[in-house]
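Read through the structure below, which is laid out as structure tokens, and then see the notes.
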Amino acid sequence: MGLMDGKKGLILGLANDHSIAWGIAQVLHREGAQLGFTYVGEALERRVRPLALSLGATLIEPCDVNSDAQIDALMARTREEFGQLDFLIHAVAYANKDELNGSYLKTTRAGFLVAMEVSAYSLTALVKAADPLLKPGASIITLTYYGAHKVMGNYNVMGVAKAALEASVRYLAADLGPRGIRVNAISAGAIRTLAASGITGFRALHKNVAEHAAMRRNVTIEDVGNAALWLCSDLAGAVTGEVLYVDAGFSIMGPRKSEE
Ligand code: NAD
């Protein structure tokens, strides 16, 4: 018996086998969930399709979260294939590379709007479109980062977008709570992925985290997948509107001791 036996859901944000979405997908599949996946563009489809098929997915659809038409088409296809949804994983973010270095002060209006639309508004757009399909007890999860709360070098506009995303989680949780639907965020520690490679100095940050996190290590996509499993399963049935840190204790640490 798996914790997700009989449950069906969508995972948005799979790019390759380094993606956090892949860590989550593997764990949910292992526990018996039936999964649907999305991709953006043909180049990513070539990577996503074989991974999705390896987990037995029968729903593999295009979905650029900036397009209401593509979101609606995804939900129509989901209704055909799954009927209803038990979970929705939103592991999507984007900001122009130019915005992810140097000072936040130089953020452009266009760059701000891109980051906010893809990385924050998309959760609301997806949940709104998925709403008629969501079963009582359904679980929605998004991915956020500590840079929403603390100034992390070069994270800039993405930190602002993640703060908006975390606030959206609370408002969506309040709207959907009366129907027993839960909305939470996982704040993952630094992981080397395609998206992370766009942040200037990420490699150094990754090394620094492993040296200074409470557990003196980085987190893996499996660590995030296991936390997502708990949030998706009925075990977290009374948990909503939360930001769960899965960061090996990086965010609890204050300044280093001077001898270190
Ligand atoms: P990733 O590059 O594997 O995944 C990012 C995904 O976003 C890709 O699949 C990409 O196709 C998708 N995406 C971008 N623009 C899109 C659009 N317009 N429409 C639909 N999809 C779009 O990187 P990842 O690190 O696994 O990122 C997943 C999530 O985890 C992101 O929200 C990211 O901010 C978050 N996160 C990452 C880290 C980290 O250190 N890697 C830490 C905390 C949170």
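The values are calculated or read from the model by the stated rules, or taken from the named source; none is laboratory data. If you're wondering where the values come from, they're calculated on a predicted model, not measured in any experiment. Ideal geometry is used to build each Cβ from the backbone, glycine not excepted, and the neighbour counts take in all protein chains shown. These area figures cover heavy atoms from the full protein model, side chains too; ligands, DNA and RNA do not enter into them. Shrake-Rupley method; radii C 1.70, N 1.55, O 1.52, S 1.80 Å.
See the values below:
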quantity: Condition broken by residue 241, with the remaining ones in (1) in contact with a Leu (Cβ under 9 Å, 6 or more places away or on another chain); (2) open to solvent by 100 Å² or more (accessible area, probe 1.4 Å); (3) in a loop (DSSP other than H, G, I, E, B) satisfied; calculated: (2)
quantity: Among the residues listed as 14, 74, 59, 10, the single one being among the aliphatic types (A, V, I, L, M) and either without any contact (Cβ under 8 Å) to a residue 60 or more places away in the chain or over 20 Å from residue 119 (Cα atoms) (or both); calculated: 59
quantity: Tally of residues being over 17 Å from the mean Cα position of the chain (by Cα), more than 19 Å from residue 134 (Cβ to Cβ), touching a residue at least 40 places away in the same chain (Cβ under 8 Å) and surrounded by fewer than 15 Cβ atoms within 10 Å (Cβ to Cβ) across the range 162-210; calculated: 1
quantity: Selection within the range 74-100 - more than 16 Å from the ligand (Cβ to nearest atom), open to solvent by 50 Å² or more (accessible area, probe 1.4 Å) and either assigned to a loop (DSSP other than H, G, I, E, B) or on the phi > 0 side of the Ramachandran plot (or both); calculated: 84
quantity: Condition broken by residue 115, with the remaining ones in (1) open to solvent by 20 Å² or more (accessible area, probe 1.4 Å); (2) under 15 Å from the mean Cα position of the chain (by Cα); (3) within 12 Å of the ligand (Cβ to nearest atom) satisfied; calculated: (1)
quantity: In the range 188-219, the residues that are of a type in the set (S, T, N, Q), in a loop (DSSP other than H, G, I, E, B), within 21 Å of residue 94 (Cα to Cα) and within 13 Å of the ligand (Cβ to nearest atom); calculated: 193
quantity: Among residues of the range 1-25, those that are within 21 Å of residue 84 (Cα to Cα) and open to solvent by 10 Å² or more (accessible area, probe 1.4 Å), counted; calculated: 7
